[in-house]
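Participant: Sharing a structure here in structure tokens format.
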Amino acid sequence: MAQMATLNPGKVMEITAQFIARKAGGVDCGTSRSASILSAYAGEAGVEFRPTDEETAKFRKTQIFTPDGQRVNPGRGEMMFDAHMPAGGFLVPVSLKGGDSRDLTTAVSLVRAWVDAGLPIWVYCLSGEAEKFKGKAGIMEYATGLTMRRIDATPVIRDFLASWEISPEASTVRVRANKVGKYLYPRLNINWKKVPASYWLDAEPIPFDPTLPLPRPW
């Protein structure tokens, strides 16, 4: 039986960005191709990376589809990345954050290793016009007017995170607690509105384009 699902506007923006990136030659994270790219990428910096496998998502029972026939997988991703952008001719792992999404990942130890190694964590903060989808089945319409504002989260985390332990205090960057039933999960949280302008690659939101080059190396 299909389960009720809610896709908030931010999630719709992220799924739309993935679609545009695929059309431009990008790769979804959570796939076998993504795993090989990320493993090689992390290996060069001596960071251990154990890829997840979201390809089995096509066997899930959700009956929500995108206009191009893709089954929507709300849990898509690769721990802290969502897609490889064909930026400047290179496939670069990117985290997509639609609307006011602030939780970067639950894989806090992986982020710490990434930051300690000096690897960039590119984040595309998305804005646009999107409708919330709620229901058991149907077509999720893509967002329109999609824009992005890009930032490397690594120096932001390095400069503003006070502790890798869970903290209840609101701040620019913190590890917060996310309780699900009796379980407690840490989430690395970044309040993008508090990040100083000097950290952003784009001074203002620009039209979403997954092919725009990013500073190297990555």
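Values quoted throughout were computed directly from the atomic coordinates according to the rules given, and no laboratory measurement underlies them. Keep in mind it's a predicted model, so treat the numbers as computed, not measured. Here Cβ is always computed from backbone atoms with ideal geometry, including for glycine, and neighbour counts include all displayed protein chains.
Participant: Taking springs between alpha-carbon atoms closer than 10 angstrom, which of Leu146, Leu201, Leu38 fluctuates most in the Gaussian network model of the chain?
Facilitator: Leu201
Participant: Further, regarding this structure: At R0 = 22 Å, how high is the FRET efficiency between Lys23 and Arg50 if r is their beta carbon distance? Nearest 0.05 is fine.
Facilitator: Calculated value: 0.15.
Participant: Continuing with this model, one more query. On a full-extension model of 0.36 nm per residue, what is the gain between Arg158 and Asn191, subtracting their alpha-carbon distance, rounded to one decimal in nm?
Facilitator: 10.4 nm
Participant: Moving to a separate point now. Filter Lys11/Lys193; Lys23/Lys194; Lys23/Lys134 down to the pairs with a C-alpha to C-alpha distance above 23 Å, please.
Facilitator: The pairs that break the limit, which is 23 Å between Cα atoms, are Lys23/Lys194; Lys23/Lys134.
Participant: Using amide H atoms built in the peptide plane, which far-off residues or other-chain residues are under 5 Å from Trp200 H to H?
Facilitator: none
Participant: Also, quick follow-up: How long is the gain from Glu169 to Ser198 if the chain were fully straight, where each residue apart is worth 0.36 nm and the alpha carbon distance is subtracted?
Facilitator: Net length gain for the segment: 8.0 nm.
Participant: Take every Cα-Cα pair in the chain and report what % of them are more than 27 Å apart.
Facilitator: Cα-Cα pairs of the chain separated by over 27 Å account for 31 percent.
Participant: I've got another one for you. Between Ala45, Ala130, Ala35, which gets the highest mean-square fluctuation from a Gaussian network model of the chain, Cα cutoff 10 Å?
Facilitator: Per the Cα network of the chain with a 10 Å cutoff, Ala45 tops the list.
Participant: Using the Karplus curve 6.51 cos²θ - 1.76 cosθ + 1.60 with θ = phi - 60°, what ³J(HN,Hα) values do you get for each residue of region 165-180, in whole Hz, with x for Gly and Pro?
Facilitator: Taking θ as phi minus 60°, the curve returns 8, 5, 10, x, 7, 5, 7, 4, 9, 7, 9, 10, 9, 10, 9, 10 Hz for region 165-180.
Participant: HN-Hα J couplings of region 155-164 from phi, Karplus 6.51/-1.76/1.60, θ = phi - 60°, integer Hz, Gly and Pro as x?
Facilitator: x, 5, 5, 4, 8, 10, 7, 7, 7, 7
Participant: Oh, and also: Using Cβ counts within 10 Å as a stand-in for footprinting exposure, how do Leu126, Leu212 rank, fewest first?
Facilitator: Least crowded to most crowded, the residues run Leu212, Leu126.
Participant: Moving on to the next point. Express the relative contact order of the chain as a whole percentage, based on alpha carbon pairs under 8 Å and six or more residues apart in sequence.
Facilitator: Normalised by residue count, the contact order of the chain is 24 percent.
Participant: Can you tell me which of Tyr199, Tyr183, Tyr142 moves the most in a GNM of the chain? Springs connect C-alpha atoms under 10 Å apart.
Facilitator: Highest fluctuation of the listed residues: Tyr183.
Participant: Scan around Ala87 for amide H atoms under 5 Å from its own, H built in the peptide plane at 1.01 Å from N, and keep only partners 5 or more places away or cross-chain.
Facilitator: Distant-sequence amide H within range of Ala87: Val92.
Participant: For region 117-133, just list the computed ³J(HN,Hα) in residue order, Karplus coefficients 6.51, -1.76 and 1.60, θ = phi - 60°, integers in Hz, with x standing in for Gly and Pro.
Facilitator: Once θ is set to phi - 60°, the couplings for region 117-133 become 7, x, 6, x, 10, 6, 10, 10, 7, 9, 9, x, 9, 8, 9, 5, 10 Hz.
Participant: With a cut-off of at most 11 other beta carbons within 10 Å, and DSSP calling the residue loop, which trypsin sites (Lys or Arg not before Pro) in region 156-218 qualify? Please list them.
Facilitator: Lys182
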